[in-house]
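For reference, the structure discussed in these notes is given below.
Every number in this text was worked out from the coordinates using simple rules, so none of it is lab data. On a predicted model such as this, the values are computed, not experimentally measured, just so you know. Note: ideal-geometry Cβ built from the backbone for every residue, glycine included; neighbour counts use all protein chains shown.
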Amino acid sequence: MNVKRMPIQISLLFVLLLGNVCAQEITKESNNLYSTGELSASVTIDNSSNHLQIESVPQLQGSIRIVAENIQTIEAIYRKKARTSSRSRAIDYIDLIRVSVNSTPQGVRILMHAPNPVRWDPDNEAGLVEMEISVPHDCQVEIEAAYFDVDATGPFSEMSIPASLGRIQVSDVNGKTMIGTTNQRLTVERLSGEIDISTSNAKLEAFDIKSLGKPATIRNQVGDININGVIGSVNVKNSFGRIEIERFVPMGGKNFVRGQSAPILMYIDSIRAAEVIVRNQNEDIEIMVPQNISVELSLAVGDDGRIEASNLEFIADIVQQNRLILRSAEGAARIAGSIRGEGNIYITGVD
């Protein structure tokens, strides 16, 4: 009697397991894109463990949005997705993606995992995770997820994204900020503290930066740098891209701005007892300064270049064909500009 019932019991067990596998509903969002519904996890933390670490294997891509709120938990809401032309393959691929949210001695670790090698064709298909995370104010965040776009709004005590290939937008960090991405746009806003940010082949924008200790390092290659609002010291370098710095208040020691084959434009709001060194290879340097500035100007260009200073009262200490040293008022600060190849230097006083 018992032997006869065994096939029925085994069949019922298979049906129950199959039901659990298929319980996660998969919907078609658009052509070739399939998604789960919202999945969530949360961990309660205290002030000593206000730290979030996010890691993803390189086989996955997607987006991460982080918002700091007045809470005592780290909460993650996410969807697992697959880009493929086959619904059955999408279900298989999504089932292979794993997301874990775990407590650690330091805080919380979110890990996104997929098999290596992946089941999908990397040239035509993809496994994705789209995630929204809420964290407490002043959380320390570290992200190692190379193929994910990141949009993060603080306040954070630290933001570290050292090696990314995604588009990044970060705001409101009041401690250390270290961000490096490649071939993608980088936008930062309202940063203060130690700053080191870079991208390439895309635009880099920085708004309202305070670097009153170590100079803020800002780098790009083959893409423009646009800085609007900076107080403190900077070390800006670009290759084959334009540099524009507005609302600049140099403070502290030396400030370096170096370009290669694109114009450098700088608008200095005020400067006292600081030094700004601007160097370009083969394009113009244009600097706007207040008319009542107290500064020494040391300017040099190549053989075919010219130097123009207008709307300023100054004394000429050295006048040579390709070199000028000018002094305005007591000369309390110093601005040095030089071009090694072709290009001109323009200094203009403004009200």
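3J(HN,Hα) along the stretch 63-79: 9, 10, 10, 10, 10, 8, 9, 7, 9, 10, 10, 10, 10, 10, 10, 8, 10 Hz, from the Karplus curve 6.51 cos²θ - 1.76 cosθ + 1.60 with θ = phi - 60°, whole Hz, x for Gly and Pro.
The phi torsions of the stretch 199-215, fed into the Karplus equation with coefficients 6.51, -1.76 and 1.60 and a -60° offset, translate into couplings of 8, 7, 6, 7, 7, 10, 10, 9, 10, 6, 10, 10, 9, 8, x, 5, x Hz, rounded to whole numbers, with Gly and Pro shown as x.
Per-peptide packing, taken as the mean over residues of other Cβ atoms within 10 Å, places 82-88, 164-170 in the sequence 164-170, 82-88 from highest down.
Rounded to two decimals, the Cα radius of gyration of the stretch 230-349 over 2.2 N^0.38 Å is 0.96. Helix 87-96 axis versus longest C-alpha principal axis of the chain: approximately 80°, rounded to the nearest ten. Taking all Cα pairs closer than 8 Å and separated by 6 or more residues, the relative contact order of the stretch 204-351 comes to 20 percent. Summarising the amide proton neighbourhood of Asp208: residues at separation of 5 or more, or on other chains, whose placed amide H is nearer than 5 Å comprise Arg190, Asn228, Gly229. Phi angles of the stretch 334-342 translate, via the Karplus equation with coefficients 6.51, -1.76, 1.60 and θ = phi - 60°, into HN-Hα couplings of 9, 10, 10, x, 8, 10, 8, x, 8 Hz per residue; Gly and Pro are given as x. Projected onto planes of every orientation and averaged, the convex hull of the alpha-carbon atoms in the chain covers 23.9 nm². Close Lys pairs in the chain (alpha-carbon distance under 26 Å; sequence gap of 8 or more, or different chains): 15. Against the chain, whose longest principal axis comes from its Cα atoms, helix 2-21 is set at around 20 degrees. Convex hull volume of the C-alpha atoms in the stretch 30-145, normalised per residue: 95 Å³. Here Arg119 and Ala336 are evaluated by their C-beta separation; at R0 = 56 Å the FRET efficiency comes out at 0.45. Given only helices, namely DSSP H runs of n ≥ 4 each adding -39500 (n - 2.57), what is the per-residue ellipticity at 222 nm of the chain, to the nearest 500 deg cm²/dmol? Per the formula, -3000 deg cm²/dmol. Structural descriptor for the chain: relative contact order 9 percent, calculated from alpha carbon pairs under 8 angstrom and at least 6 residues apart.
Shown for Thr73, Thr181: other C-beta atoms within 10 Å of each C-beta, ranked fewest to most, produce the order Thr73, Thr181.
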